[in-house]
Amino acid sequence: MLNEPVRLPNRAYTFFPVAQPLNFVDAKGNQWVAPARTLTDGASIPKIFVSIVGEPTSPEYINAAAVHDAYCGIGNEKGAMFHRADWQDVHLMFYDGLIVGGTDPTRAKIMFAAVWLGGPRWPDGGGGGVVSTQGAEVIAPDNHAHALSPVPEARLQEAMRQSIRHINRNDPNMPELVDYLWWLQREMLREVARSDDRDSGEYEYESDGYAYEDSYTPEPDPTPDTEAGLPDVSPDGTGTVTDTGSLDVAL
């Protein structure tokens, strides 16, 4: 990282540019690159999940975060790689990068689930909105068929807790985890549709056409309890993170 701190409006963290290109080959053999001067703040967890997951500021996260930011991070919209791959593949690459960087596999799956549920998405084939991993999407709903923006923040946070419990209890492989997250999306959007139609007595859920539709049903969500790998949280679930580490990278 170059010792050239950059502050962006309304962003909690300081960004730094990558000193030289970062090249990464994921588990499928796909090649990814963060060009020199890609901006990263070293944090790729959506803001709404930080109280649940913690701030991802340990050194083993920095390279994965930088490559992820090259494809969808705020400040890199004019970069050569921005939105040059589908959002699903970019988030899966982030998981692979975390593993290569030395992140515990369970922790990496939790961070992946957070980015999948609350992070950037854009129409397949590129284009679309600008997203910060620290803030809300800036995207046109009619250009973004898979947006979870209609889902209330509290419901998204509960979905994140469900995901953490699912990961800790079942240790799913990545295809199984992706199936579970698609199922969560389907259920949340159906809940929103039911809520919207409650006054009229009508209920309509529009499929987005993905193969996961009605093809997966997980085991019933277990009763929440103390799970390994979770930060300490208050009884109401709002969360108080007790040990989040610090961003300690060579500048």
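Coordinate-derived values only; no laboratory data. What you are looking at is a predicted structure, and each value in this text was computed from that prediction instead of being measured. FYI the Cβ positions are ideal-geometry reconstructions off the backbone, even for glycines, and counts take in every protein chain you see.
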Let's test this: bin the Cα-Cα distances of the stretch 47-130 at 10 Å from zero up to the farthest pair and state each bin's percent.
19, 52, 27, 2
Of Asn76, Ile62, Ile52, farthest towards positive along the dipole that unit charges on Lys, Arg, Asp, Glu beta carbons give the stretch 47-93:
Asn76
Residues of the stretch 94-114 with amide N under 12 Å of the 7 Å Cα→Cβ point at Asp171
105-106
Quick calc: nm separation of the 7 Å Cα→Cβ label points for Glu191 and Ala19 -> 4.6
